[in-house]
Amino acid sequence: NPKGVGTMGNRHFMSVRARVRGWARSVDSLDATPFFQSIEGQMPASADLAESKLSEPLIEFLIQLDSKLNTILGLLATDELAQDFPIRLNTIEISGATLTFTLDTKVRTGQHLEVVLLLSRMPVVMASAMGAIHPATDREFGQVFTMDLSRIREEDRDAIIRFVFQEERKTLRSKWDFVPPDPE
């Protein structure tokens with residue numbers, strides 16, 4: 001694979017170098033029941049609230065309140081993840097197909113992990129996947145592993161892909177934010 005591209009079957013995914021906080025737990029196989037469930041709450045639909053004959057300012061307030069409560073609950077959930085997912089994971093590179101990361105625990109090649117990634121704190125966005133880990137060829141960061149996202153829900157893959165595009169946009173913007181020196 002060319003640098004910056006992850007593949008899954010016939011699909012190719014752009015990858016970016018990014019530090020993403022994550023947690024993992026060992027699973028017996030990829031058929032294991034995932035422990036993590038997405039914490040993304042459903043926002044009340046404006047149309048549903050409009051049918052309740054509430055005023056527009058009250059509807060807007062309720063939607064904002066729901067969003068804030070989801071953020072608080074999401075942040076509380078990240079504190080509990082360490083209990084259910086005892087392995088700390090630090091992502092170095094991410095794509096919709098693969099992860100490259102370091103771990104705080106010794107593991108064996110081929111071991112299956114369920115991972116949970118904190119893609120954003122505000123709003124809280126998390127994604128999870130399962131896969132087998134393998135040593136990476138890139139040793140810049142010490143003991144590095146890769147994992148194909150073999151078992152992942154489509155909405156989790158979409159969240160990762162959105163994250164990758166956001167990170168790529170940040171990189172491109174920073175290259176164009178060059179300010180020429182003052183002429184003297």
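The values are calculated or read from the model by the stated rules, or taken from the named source; none is laboratory data. Quick caveat, the model's predicted, so the values are computed rather than measured. With ideal geometry, Cβ positions are generated from the backbone for all residues, glycine too; neighbour counts draw on all protein chains shown. Keep in mind that these areas ignore ligands, DNA and RNA; they rest on the heavy atoms of the full protein, side chains included. Shrake-Rupley method; radii C 1.70, N 1.55, O 1.52, S 1.80 Å.
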May I ask you to evaluate 6.51 cos²θ - 1.76 cosθ + 1.60, the Karplus curve with θ = phi - 60°, for each residue of the stretch 94-105 and list the ³J(HN,Hα) values in order in whole Hz, giving x for glycine and proline? 9, 9, x, 10, 9, 10, 10, 7, 10, 10, 9, 10
Residue 155 accessible area, 1.4 Å probe, all protein chains in place, Å² to nearest 10: 100
Under 14 Å from the 7 Å Cα→Cβ point of residue 29, by amide nitrogen: which residues of the stretch 90-133? 112
For the stretch 85-148, calculate the relative contact order in percent as a whole number, restricting contacts to Cα pairs under 8 Å that are 6 or more residues apart. 31
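I'd like the trypsin sites (Lys or Arg not before Pro) in the stretch 96-163 restricted to DSSP loop residues with at most 13 other Cβ atoms within 10 Å, sorted by number.
Working: sites: 106, 108, 121, 139, 151, 153, 157, 162; in loops: 106, 108, 139, 153.
Within the stretch 96-163, the qualifying trypsin sites (Lys or Arg not before Pro) (loop, at most 13 other Cβ atoms within 10 Å) are 106, 108, 139.
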